[in-house]
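The values are calculated or read from the model by the stated rules, or taken from the named source; none is laboratory data. Here the structure is a predicted model, which means the values were calculated and not measured. Positions of Cβ are backbone-derived with ideal geometry, glycine not excepted, and every protein chain shown enters the neighbour counts. For the accessible areas, the whole protein counts, side chains as well, though only heavy atoms, and no ligand, DNA or RNA atoms are used. Shrake-Rupley method; radii C 1.70, N 1.55, O 1.52, S 1.80 Å.
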Amino acid sequence: MAFCDSDIFFLKPFDVRNGSRDKQIRFSSIEVPQKSDHKLILNSIDLMGLLPSKVKRCAYDDPFVTWHRPTAIAMQDYLTKLHNRPWHEAIGSKLMFSEFALYIMFVSYIQKSNPFHYEDNTILCKTLWDKEAAKKTDIAAFCSGLAPEQVAVCIQSLLGIDVGLLNQQLNSAMLRHQQTSQNE
């Protein structure tokens, strides 16, 4: 399964075959240090039944990830057994959690190895999460500055950016990337 944050905008073509190789699915667990009390991560650690002292306090920085379906189902089963109630009720009991962190913690700390994954920490999506950074960011320049392997941008919807302006700038950026790829 390709799991994309709802704020992702594809600016370049992406071949879904790039998310797998040799019958394995891409597994990205890029870790960006966060404050130790970051609620999303602490709640995710708690949901997984892990000891906070044994888990790196990180945000997982790629909002475009691939999940192995049977592994996701195994995670649901694990959460159901751990919390003695359906998995969706367990995660629904938390106001804030990270689905990315849950999956990565399950694979990394519960399963500890997974033959259906290969490690690939290439960041496919450039992100803009921070409201203060967004105030100083020219969206057109942000979109133009994709690394060669990046195919999309994620611009957090709660940043207060005018949706009409954002739509114009993203469409312009997509056209520029299309013209650039045609000229190559």
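Scan the stretch 120-135 and give yes if some residue there is touching a Lys or Arg at 6+ places or on another chain (Cβ under 8 Å) and within 26 Å of residue 41 (Cβ to Cβ), otherwise no.
Step one: of the stretch 120-135, the residues touching a Lys or Arg at 6+ places or on another chain (Cβ under 8 Å) are 120.
Within this subset, residues satisfying the condition of being within 26 Å of residue 41 (Cβ to Cβ) are 120.
Taking every residue of the stretch 120-135 in turn, at least one turns out to be touching a Lys or Arg at 6+ places or on another chain (Cβ under 8 Å) and within 26 Å of residue 41 (Cβ to Cβ).
So which residues in the stretch 146-177 are part of a helix (DSSP H, G or I) and hydrophobic (A, V, I, L, M, F, W, C)? Give the derivation first.
Step one: list which residues in the stretch 146-177 are part of a helix (DSSP H, G or I), which gives 157-159, 163-177.
Selection gives 158, 159, 163, 165, 166, 170, 173, 174, 175.
Tell me, please, whether a residue that is touching a helix residue (DSSP H, G or I) at 6+ places or on another chain (Cβ under 8 Å) and modelled with pLDDT of 85 or more can be found in the stretch 161-170.
First, the residues of the stretch 161-170 that are touching a helix residue (DSSP H, G or I) at 6+ places or on another chain (Cβ under 8 Å): 161, 165-166, 169-170.
Adding the requirement that they be modelled with pLDDT of 85 or more leaves none.
No; the residues of the stretch 161-170 include none that is touching a helix residue (DSSP H, G or I) at 6+ places or on another chain (Cβ under 8 Å) and modelled with pLDDT of 85 or more.
For residues that are within 12 Å of residue 9 (Cα to Cα) and open to solvent by 70 Å² or more (accessible area, probe 1.4 Å), scanning just the stretch 134-167, find the one that is farthest from the chain's Cα centre (by Cα). Before the answer, list the steps.
From the stretch 134-167, those within 12 Å of residue 9 (Cα to Cα) are 143, 150-157, 166-167; that's our starting set.
From what's left, open to solvent by 70 Å² or more (accessible area, probe 1.4 Å): 157, 167.
Values: 157: 15, 167: 22 Å.
Among those residues, the one meeting the criterion is 167.
Out of 132, 99, 119, I need the residue that is charged (D, E, K, R), in contact with a strand residue (DSSP E or B) (Cβ under 7 Å, 6 or more places away or on another chain) and modelled with pLDDT under 90. Which one? Let's see the steps before the verdict.
Numbers: 132 fails: in contact with a strand residue (DSSP E or B) (Cβ under 7 Å, 6 or more places away or on another chain); 99 fails: in contact with a strand residue (DSSP E or B) (Cβ under 7 Å, 6 or more places away or on another chain).
Unique residue meeting the criteria: 119.
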